[in-house]
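Trainee: First the structure, then my questions, so here it is.
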Amino acid sequence: MQNLPVKERFTGPTTELPYDLKGWKKGYESQPNEYDYWIDDIEGEIPPELHGTLFRNGPGLLDVNGQRLHHPFDGDGMVCAIAFDSGKAHFCNRFVRTKGFLEEQAAGKILYRGVFGTQKPGGALANAFDVRTKNIANTQVIYWGGKLLALWEAAEPHRLDPYTLETLGIDYLDGVLHSGDAFAAHPRIDLGFGDRGENSQSSDQSNNPKSRPPRLVNFSIKPGFSTTITIYELDTTGKVVERHAHSVPGFAFIHDFAITPNYCLFFQNPVSFNPLPFVLGLRGAGECIKFHPEKPTRIIVIPRDNKAGTPVQILEAQSGFVFHHANAFEQGGEICIDSICYQALPEVEPNSDFREVDFDAITPGQLWRFTLNLKNNTVQRQRLENRCCEFPWVNPEKVGHPYRYVFMGAAHSHTGNAPLQAILKIDFQTGERQLWSAAPKGFVSEPVFVPRTGASDEDDGWVITMVYDAAHHRSDVVILDARDFNKGPVARLHLKHHIPYGLHGTWTPECFAPSDSK
Ligand SMILES: [Fe+2]
């Protein structure tokens, strides 16, 4: 693939302003309150045809009764719902009432160790040999098969009421999952466009008519000396219609995956796990993961059609660390995977404070394309974007297929590592970049692309993101016209409070606003 020319259009402050570090830290204050209201402080106009609900999940508490968590990833899940209908928007947020959340709130103190280093009070003695897991349900929330599910990758989903966000309990997928089973927080939805074809050699399938029923595809990881990856495919009623497990050599820390019509694709980052400091109460489990830059990343290619008997294939790529993939597709006999790749894993240390992070000391995440040739067993990689970026999104109809546009959270500056303050759109066809920046006091979250009903162009729709506004210590819901960032937000909805930096969210075209007057 040739390098594309970069033509950038930029909307936001015109100078390379540094970010406001003090303001960034304030976005990590807990939000213990739960709200339910129609949003009435709006700049611009909510597009009247925007109809549906944006669900978002993330850590709502960064402390338990004043005892600070060691890392935001250990925070109890708090789900937000922003329901849009006829130019109005309703906001609601609720904590997921997990067993651990209820116990800790009743006790008024930390009772569970966190994966990312949060310890119970009392030092190593109080933490040694306590290897219990607290399902914190804080990473993703998705509406599928009539169920709203809050997800955390190391344990079962929690089902919520989509109108009230009330926790209904753990959901075992109609008995498919058992107590203690994992279910990843990064499901992918295959809308069924394009024929699976005879094999992966099919060319661009994106123009083919819809030919398969939609599926939600997800996975679970059971790590160890060898790692078991289980694939789940759910039909539109939520029924698990495919489940197959595969064992791969070595320990694997896998957070996300990518799909094509024929394959599930996993990056086995070059890391090892030494559980001893965790067992002895000295470190969290996540702090016992060590990155090995001298070792390759292994890319695991699992056929989705398990009945065909095609073996799992493992290819090696240059060392790097990937949390998130933007998309994958099959083209010209090869598989392309576009991923946010770091030179090294940003490791968590026991005695550090995540609020005191030195951004300059950490390598930025950048968008890379990995091109897999399954016949030759080779991987080539190419950097698509230098700017620090994370949380990539594509048009849902393009998941698993060749695509033209990606939307990502990005740093304000062209170079270096920094908090995400901008939304970056890349047009792979022309090389054009569009950037909308909230710097220096605004900090963005994952951009969710919502297609316009009946749209024919891939970027015809809106990008919705939650922005923490440090100047007012509140959060805004920002709606951009995905075709043209240049005109600035179509609407900026000011919430009455802040929401701590979140993780992931999804859009559903069903509006779950209350039926009372607006
Ligand atoms: Fe994630």
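The values are calculated or read from the model by the stated rules, or taken from the named source; none is laboratory data. All values derive from a computational prediction rather than experimental measurement. Virtual Cβ from ideal backbone geometry, glycine too; neighbours counted across all protein chains shown. Each accessible area value is taken on the protein alone, full model and side chains, heavy atoms only, with ligands, DNA and RNA left out. Shrake-Rupley method; radii C 1.70, N 1.55, O 1.52, S 1.80 Å.
Trainee: Can you find, within segment 321-332, the residue that is farthest from the ligand (Cβ to nearest atom) among those that are of a type in the set (Gly, Ala, Ser) and open to solvent by less than 20 Å² (accessible area, probe 1.4 Å)? Step through it out loud before you land on a result.
Mentor: Taking segment 321-332 first, the residues of a type in the set (Gly, Ala, Ser) are 326, 328, 332.
Among the residues that remain, those that are also open to solvent by less than 20 Å² (accessible area, probe 1.4 Å) are: 326, 328.
Numbers: 326: 12, 328: 16 Å.
So the residue we want is 328.
Trainee: Checking residue 442 against (1) at pLDDT 95 or above; (2) open to solvent by 10 Å² or more (accessible area, probe 1.4 Å), which single condition isn't satisfied?
Mentor: (2)
Trainee: Return only the number of the condition from (1) more than 28 Å from residue 28 (Cβ to Cβ); (2) open to solvent by 10 Å² or more (accessible area, probe 1.4 Å); (3) not in a loop (DSSP other than H, G, I, E, B) that residue 430 does not satisfy.
Mentor: (3)
Trainee: Taking segment 135-153 as the region of interest, how many residues are within 14 Å of the ligand (Cβ to nearest atom) and either open to solvent by 30 Å² or more (accessible area, probe 1.4 Å) or not aliphatic (A, V, I, L, M) (or both)?
Mentor: Going through segment 135-153 one residue at a time, the tally reaches 5.
Trainee: With the condition being more than 26 Å from residue 285 (Cβ to Cβ) and open to solvent by 60 Å² or more (accessible area, probe 1.4 Å), I'd like the helices (runs of 4 or more DSSP H) fully within segment 21-134 carrying at least 2 qualifying residues. Can you show your working first?
Mentor: Values: elements: 21-26, 99-107, 123-127.
Here the list reads 21-26.
Trainee: Sticking with this one: Please determine whether any residue of segment 256-273 is surrounded by fewer than 19 Cβ atoms within 10 Å (Cβ to Cβ) and in contact with a helix residue (DSSP H, G or I) (Cβ under 7 Å, 6 or more places away or on another chain).
Mentor: Within segment 256-273, one or more residues are surrounded by fewer than 19 Cβ atoms within 10 Å (Cβ to Cβ) and in contact with a helix residue (DSSP H, G or I) (Cβ under 7 Å, 6 or more places away or on another chain).
Trainee: Out of the residues in segment 178-193 meeting the condition of being away from the ligand (no atom under 16 Å from the Cβ) and hydrophobic (A, V, I, L, M, F, W, C), tell me which one is surrounded by the fewest Cβ atoms within 10 Å (Cβ to Cβ).
Mentor: The selected residue is 191.
Trainee: Tell me which residues, restricted to segment 481-512, are within 16 Å of the ligand (Cβ to nearest atom) and either open to solvent by 40 Å² or more (accessible area, probe 1.4 Å) or β-branched (Val, Ile, Thr) (or both).
Mentor: 506 - this is the single residue of segment 481-512 that is within 16 Å of the ligand (Cβ to nearest atom) and either open to solvent by 40 Å² or more (accessible area, probe 1.4 Å) or β-branched (Val, Ile, Thr) (or both).
Trainee: Moving on. When the residues of segment 165-175 are filtered to those that are loosely packed, with under 14 Cβ neighbours inside 10 Å and assigned to a loop (DSSP other than H, G, I, E, B), which remaining residue is farthest from the ligand (Cβ to nearest atom)?
Mentor: For segment 165-175, the residue satisfying everything is 175.
Trainee: Turning to a different aspect of this structure: Being open to solvent by 30 Å² or more (accessible area, probe 1.4 Å) and without any contact (Cβ under 8 Å) to a residue 60 or more places away in the chain is the filter here; which residues of segment 374-392 pass it?
Mentor: Selection gives 375, 376, 380, 383, 386.
Trainee: Please work out if residue 343 is touching a strand residue (DSSP E or B) at 6+ places or on another chain (Cβ under 8 Å) and open to solvent by 50 Å² or more (accessible area, probe 1.4 Å). First the steps, then the outcome.
Mentor: Details: touching a strand residue (DSSP E or B) at 6+ places or on another chain (Cβ under 8 Å): yes; open to solvent by 50 Å² or more (accessible area, probe 1.4 Å): yes.
Yes.
Trainee: Among (1) under 30 Å from residue 24 (Cβ atoms); (2) in contact (Cβ under 8 Å) with a residue 40 or more places away in the chain; (3) open to solvent by 20 Å² or more (accessible area, probe 1.4 Å), where does residue 358 come up short?
Mentor: Status for residue 358: all satisfied but (2).
Trainee: Just name the residue that is nearest to residue 48 (Cα to Cα) out of those in segment 469-480 that are in contact (Cβ under 8 Å) with a residue 60 or more places away in the chain and open to solvent by less than 10 Å² (accessible area, probe 1.4 Å).
Mentor: Top of the filtered list is 479.
Trainee: Among the residues of segment 341-379 satisfying the criterion of being touching a Phe, Trp or Tyr at 6+ places or on another chain (Cβ under 6 Å) and among the small types (Gly, Ala, Ser), which is nearest to residue 262 (Cα to Cα)?
Mentor: 365
Trainee: Let me ask another. I'd like to check which strands (runs of 3 or more DSSP E) are fully inside segment 230-307 and have at least 3 residues that are within 16 Å of the ligand (Cβ to nearest atom).
Mentor: Working: elements: 240-249, 263-268, 271-273, 289-291, 297-303.
Because the criterion is at least 3 residues that are within 16 Å of the ligand (Cβ to nearest atom), the strands (runs of 3 or more DSSP E) in segment 230-307 that meet it are 263-268.
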